[in-house]
Structures are given as C-alpha cells and as structure tokens.
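Note sheet for the following structure.
The values are calculated or read from the model by the stated rules, or taken from the named source; none is laboratory data. Keep in mind the model is a prediction, meaning the values are calculated, not measured. Cβ coordinates were reconstructed from backbone atoms using ideal geometry, including for glycine residues, and neighbour counts include every protein chain displayed.
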Amino acid sequence: PDPGKAIIGDTVWYDDNGDGIQQPGEPGIPGIQVCATDAGGVQQACATTDANGHYRLEVPAGSYVVAPTNPPAGLTATTPTPHGPVILVAGDQYLDADFGYNDNDQQPVLGKVGDLVFLDGDKNGVFDGNNTALAGVSVDLIRDTDGDGVWDAGEPIIATVTTVGSLDAQGGNYLFTGVPAGRYLVHVSDTNAVLTDYARSPLGVAGVNNHNQADPYPVHLVNPGDSNRTADFGYYQVDRPNVGVIGNQVWVEPNDNGLFDVLQGDFGQPGVTVELLNAAGAVIATTTTGASGDYAFVHLAGGTYKVRVSDAYNVLAGYNPSIVPTPGADSTNKAQPYTVALPAGGYNLTADFGYTGGGGGQGTGTIGNLIWEDLNADGTYQAGEPGIGNVTVQLWYDADNSCTLNTGDFLVETQTSSGTVTLGGNYKFERNDLPAGNYLVRVTDSNTVLVGYTQSQGTNPGADNNSQLQPYCIVGFAGSDLNGSNLTADFGYWRPAALGDFVWQD
C-alpha cells in the first residue's frame with residue numbers, strides 16, 4: 001500500500017436475518033462496485049468485491065462517504081447507505097464500511113426516533129390545540145452504550161437534526177431515520193440558541209406521545225425496524241427584559257496549566273451542564289455547553305451571581321479541575337463556584353472552567369516501545385532481530401474514544417526510534433501530563449527510513465512484541481497520575497530479499 005494514503009474496506013454480504021450484522025454463514029456478495037467520494041463530491045476510488053464480498057480502497061487523507069454504485073438487484077439494504085462520513089489521515093485503515101442486503105420481503109431493519117419540539121402556550125406539558133411547532137432547534141441522538149438511560153462520559157452523539165416549523169403526517173417536526181435496534185438518548189442541544197427566551201414546560205407522562213419528556217430522553221428500539229416517536233419536548237416563552245450575559249467555556253487540557261490553548265491540545269467539551277446561582281446560592285438557571293464547550297446565561301439583571309459546573313450527564317467523569325493560574329482572567333480556569341458581579345446591561349465572559357485527567361507532574365505515563373526489522377516476516381519480535389533507527393512515530397490523544405484518527409484528536413508528541421534495542425524497546429513516550437483515556441500510536445517515517453520495507457502483521461493484536469495495525473489504539477490508559485504504562489505499541493517491518501545482478505560477454 002501507498003504509505004501516503006489511507007485504506008477503506010471491506011465487505012458486502014447477504015444479510016440473511018436482516019439484523020445489519022454479518023453472522024457466520026452469511027455469504028459475501030461478489031461483483032459489487034464500491035466507491036469513496038470526498039467532501040467535494042469527487043469520486044476518489046472504486047473497487048469491485050471479490051468472491052468473498054471483500055473490497056479495498058486506497059484514498060488520500062480526507063473525509064469520505066462510501067457506497068455501492070450497483071447494489072444487488074432485488075435486495076434491500078439492511079445497513080445505512082451511504083456509509084460515513086469517514087475522516088482519515090495517511091496510514092489509516094478503516095475496515096468498517098460494510099454493506100448488508102437481504103430480500104425485499106424481510107422485516108425492515110432500520111427504525112426511526114423522534115419527533116416533536118413544541119411551543120407549549122398553556123404551559124401544561126402536553127401538545128394540544130393551543131400549541132405550535134418550534135423551528136430551528138437542534139436535537140442530538142446519543143448512543144447509550146451501557147443502556148443505563150444516563151448520558152455517560154464517552155457516549156457519542158451519532159446524529160444531529162434541526163426541527164422545522166410545520167408538522168409531518170405523524171404530527172412531528174424532527175426525525176432521526178435509519179436507526180438500528182439498540183438503546184439511545186435524545187437531547188435538545190439548541191446550538192442555534194433558538195430557545196434563549198424559552199423555559200422548559202412541566203413534565204408530562206413519561207413515554208406518552210405529545211407529552212413533554214425529560215431531557216435526555218431514553219429510547220429503546222428492541223427489534224430491528226422498531227420506531228419510537230415519543231421523544232417530545234415542550235417549551236414556553238418567558239418575559240426577559242434584562243440583557244446581561246455571563247459565560248463562556250468548559251474545556252479539557254492534557255497539561256494541567258489552567259490556560260485554554262488549542263496549540264497545547266486543549267479542546268472545548270460539549271454536553272457539560274453548568275449552573276447559575278443567585279447571591280444566596282440557589283440555582284436559578286442551567287444550560288449545557290455546545291460543540292466548542294461554549295455556554296451563556298442571557299437576559300440577566302444586574303447583580304451578584306455564582307457559576308459552577310454540575311455535569312449532570314457525567315461527561316467529565318474521570319477528569320479533575322485544573323489549577324487556577326490567574327483568578328479573574330479570561331480563558332483561565334476558575335475556582336468554583338465562580339462569583340460574578342454583573343452591572344446592569346453588562347456582560348462577563350470570564351466564567352471559564354478547565355479540566356484535566358493528567359498528572360500535572362504527580363507521576364509518569366509511559367507508552368512505547370519497539371520498531372524493528374522483522375527478519376522472518378512473521379509479525380513477532382524475536383531476540384536478535386535489530387531495531388530500525390531514525391524512524392519517526394507519533395502519539396495522539398483519542399479525544400472521542402473512537403480508535404480512529406479524527407479531527408477532534410490532538411498530537412501529543414513525536415519521537416524518533418533508536419537503532420539499538422534496549423530492554424525490549426527503541427522508542428518511548430514518557431510524560432507527566434498524559435490524561436487517562438485512549439491513545440493512538442502511528443509510524444510516520446518522515447525521514448523515509450522505511451522506503452522498501454513492508455510492515456508485517458502479527459497474529460496477537462494487543463500483545464507485547466506483536467506487530468500492531470496502525471494507528472494502534474491503546475484503550476483505557478491509566479494516565480500519568482497513576483504511572484500508567486503500555487509498551488505494546490510495536491511495529492515490525494521486513495524487506496524482500498534480492499538476487500542478481502549482471503550477465504556479460506566475457
């Protein structure tokens with residue numbers, strides 16, 4: 001493969017039971033052309049499935065949607081089509097772009113979740129004749145990985161839609177389609193601030209259609225093709241004559257310095273609840289951070305307020321508040337609750353809160369540790385096989401816990417390997433600021449040492465001295481605070497032998 005490109009694959013199959021998952025005995029479908037199209041609409045690569053239904057695409061780094069161009073006649077898709085977007089960097093291998101098909105008479109395998117955000121004019125928590133649909137409100141669908149009905153840390157937003165101002169035939173104004181069976185949460189994120197002048201209606205009867213539900217609202221699609229359209233949320237308009245504002249960001253940082261700096265790998269944390277308290281300490285408003293960790297309390301009268309992070313959805317589980325470097329300064333972490341004296345009509349955007357899972361010097365995290373010449377190309381390091389020196393390797397923090405390199409992940413450090421194997425390794429990342437979480441390791445070889453080599457593939461993924469697939473994902477690293485260590489990021493390379501080289505007339 002071209003080291004400057006990424007790989008997408010890998011299967012089109014006959015989904016006999018229509019569950020969207022390839023089971024043993026469900027055969028691949030040959031002769032299907034699958035293409036990857038970039039963000040500009042340009043088709044970058046196509047391939048045709050082999051006798052086992054497998055395909056492989058080599059594409060430049062970028063964002064792609066993947067889809068068959070000649071789906072099997074007479075069959076219905078049982079998986080989302082097209083697949084994506086998939087964001088890749090050079091050297092990535094993404095092998096989950098799979099497409100299932102079955103007979104048209106099979107039960108539909110994808111369901112729907114929705115469907116109403118409404119103006120509750122009579123404030124009774126029920127959509128009735130006095131109410132109208134609210135347009136322009138963003139709503140998120142979240143995968144409830146552990147099925148506990150709570151938005152836990154690491155549970156991803158998998159889709160976002162925006163409400164419209166009219167009702168469809170089923171009485172809704174938003175809908176998630178193509179949803180497989182499983183457990184989900186629905187959350188009104190309102191990133192466009194449409195609901196600034198609205199308050200939540202009283203809760204209706206849980207699970208009953210057209211009743212105002214708790215946010216986030218748990219949904220369980222038990223069987224393939226099930227739908228749930230009871231995720232309804234009511235709001236009523238309030239009179240807010242005041243114009244004061246308090247905000248504005250919650251972030252996560254790896255280095256625990258209390259200063260927001262994207263160049264140091266800091267990133268705004270969405271989905272965190274923040275509370276506004278009055279001078280007496282009573283909670284008077286709650287909001288949730290948006291995609292960049294931003295938030296704001298608006299329409300405030302002049303007076304003394306306090307702000308604190310409540311994190312009702314446990315998004316920050318495992319993180320701790322950063323140090324407080326400069327009290328009161330913008331874009332620096334504040335002690336909580338943070339007191340703000342707001343003048344009438346004024347604004348204060350210094351209510352910033354940083355969090356870290358790293359050590360701040362309290363311990364050392366270690367990740368590594370071997371790049372070697374795999375003389376017998378078996379994917380396993382044996383004593384006597386030499387290290388390969390001057391090879392660059394990168395450590396990335398996997399911010400979204402996806403085990404793939406995405407735009408939200410950040411580069412922690414680049415190391416260069418030694419030619420000598422010492423204590424079983426020849427490169428190592430040792431730092432005191434690694435937060436707990438997932439990490440990705442990949443060989444970049446910016447010095448072109450590995451030209452002419454091919455990476456070997458081990459048979460024991462995750463084991464020490466095994467040549468790992470790249471980027472290699474380290475799941476659940478303990479972090480520097482707990483002196484976390486993982487030395488299984490090993491990569492073997494081999495090069496073909498050559499015989500030759502000259503025939504002449506003597």
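Within region 322-336, not a single residue is in contact with a strand residue (DSSP E or B) (Cβ under 8 Å, 6 or more places away or on another chain), surrounded by fewer than 16 Cβ atoms within 10 Å (Cβ to Cβ) and closer than 25 Å to D148 by Cβ.
Within region 138-160, residues that are charged (D, E, K, R) have Cβ atoms under 7 Å from residues that are crowded, with 21+ Cβ neighbours inside 10 Å and part of a strand (DSSP E or B) in these pairs: D140/H187; R143/Y184; D144/Y184; D144/L185; D144/P218; E155/I142, counting only partners at least 6 apart in sequence or on another chain.
Restricting the search to region 113-156, which residues are touching a Pro at 6+ places or on another chain (Cβ under 6 Å) and hydrophobic (A, V, I, L, M, F, W, C)? The answer is W151, and nothing else.
If you go through region 263-273 one residue at a time, how many are surrounded by fewer than 22 Cβ atoms within 10 Å (Cβ to Cβ) and within 18 Å of L349 (Cα to Cα)? Talk me through it step by step, then tell me what you get.
Taking region 263-273 and keeping what is surrounded by fewer than 22 Cβ atoms within 10 Å (Cβ to Cβ), we get 263-265, 267-268, 270, 273.
Narrowing the set further to residues that are within 18 Å of L349 (Cα to Cα) leaves 267-268, 270, 273.
Counting residues in region 263-273 that are surrounded by fewer than 22 Cβ atoms within 10 Å (Cβ to Cβ) and within 18 Å of L349 (Cα to Cα) gives 4.
Rundown of residues vs (1) among the hydrophobic types (A, V, I, L, M, F, W, C); (2) touching a Pro at 6+ places or on another chain (Cβ under 8 Å); (3) in the same structural domain as G345 (by TED's automatic domain parsing); (4) closer than 24 Å to P343 by Cα, yes/no style:
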residue: V252; (1), (2), (3), (4): yes, yes, yes, no
residue: G268; (1), (2), (3), (4): no, no, yes, no
residue: T287; (1), (2), (3), (4): no, no, yes, yes
residue: D294; (1), (2), (3), (4): no, no, yes, yes
residue: A301; (1), (2), (3), (4): yes, no, yes, yes
residue: Y305; (1), (2), (3), (4): no, no, yes, yes
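Taking strands (runs of 3 or more DSSP E) as the structural unit, no element lying wholly within region 387-482 holds at least 3 residues that are more than 18 Å from the chain's Cα centre (by Cα) and in the same structural domain as S63 (by TED's automatic domain parsing). Scanning region 68-89 for residues that are surrounded by fewer than 16 Cβ atoms within 10 Å (Cβ to Cβ) and either hydrophobic (A, V, I, L, M, F, W, C) or farther than 22 Å from G225 by Cα (or both) turns up T69, N70, A73, P85. When D232, D197, D215, D226 are checked against the criterion of being without any contact (Cβ under 8 Å) to a residue 60 or more places away in the chain and more than 30 Å from P327 (Cα to Cα), a single residue qualifies: D215.
If only one of A335, A317 is part of a loop (DSSP other than H, G, I, E, B), of a type in the set (G, A, S) and farther than 20 Å from Y439 by Cβ, which one is it? After applying the criteria, what remains is A335. When you scan region 124-137, do you find a residue that is surrounded by 17 or more Cβ atoms within 10 Å (Cβ to Cβ), in a strand (DSSP E or B) and not assigned by TED's automatic domain parsing to the domain that holds T11, even just one? Looking through region 124-137, at least one residue is surrounded by 17 or more Cβ atoms within 10 Å (Cβ to Cβ), in a strand (DSSP E or B) and not assigned by TED's automatic domain parsing to the domain that holds T11. Scanning region 227-244 turns up no residue that is within 30 Å of A399 (Cβ to Cβ), modelled with pLDDT of 85 or more, assigned to a loop (DSSP other than H, G, I, E, B) and in contact with a strand residue (DSSP E or B) (Cβ under 8 Å, 6 or more places away or on another chain).
For region 311-322, taking the residues that are at pLDDT 85 or above and among the aliphatic types (A, V, I, L, M), the one that is farthest from the chain's Cα centre (by Cα) is identified as A312.
Please pick out the residue among D352, D398 that is closer than 30 Å to V252 by Cα and at pLDDT 95 or above.
Values: D398 fails: at pLDDT 95 or above.
Being closer than 30 Å to V252 by Cα and at pLDDT 95 or above holds for just one of D352, D398, which is D352.
Looking across region 293-315 at every residue that is surrounded by 21 or more Cβ atoms within 10 Å (Cβ to Cβ) and out of contact with any Ser or Thr (no Cβ under 9 Å at 6 or more places or on another chain), the one that is farthest from F353 (Cα to Cα) is identified as L300. Could you please find all residues in region 3-17 being in a loop (DSSP other than H, G, I, E, B) and within 27 Å of the chain's Cα centre (by Cα)? P3, G4, K5, G9, D10 - these are the residues of region 3-17 that are in a loop (DSSP other than H, G, I, E, B) and within 27 Å of the chain's Cα centre (by Cα).
Scanning region 103-112 finds one or more residues that are among the hydrophobic types (A, V, I, L, M, F, W, C) and in a loop (DSSP other than H, G, I, E, B).
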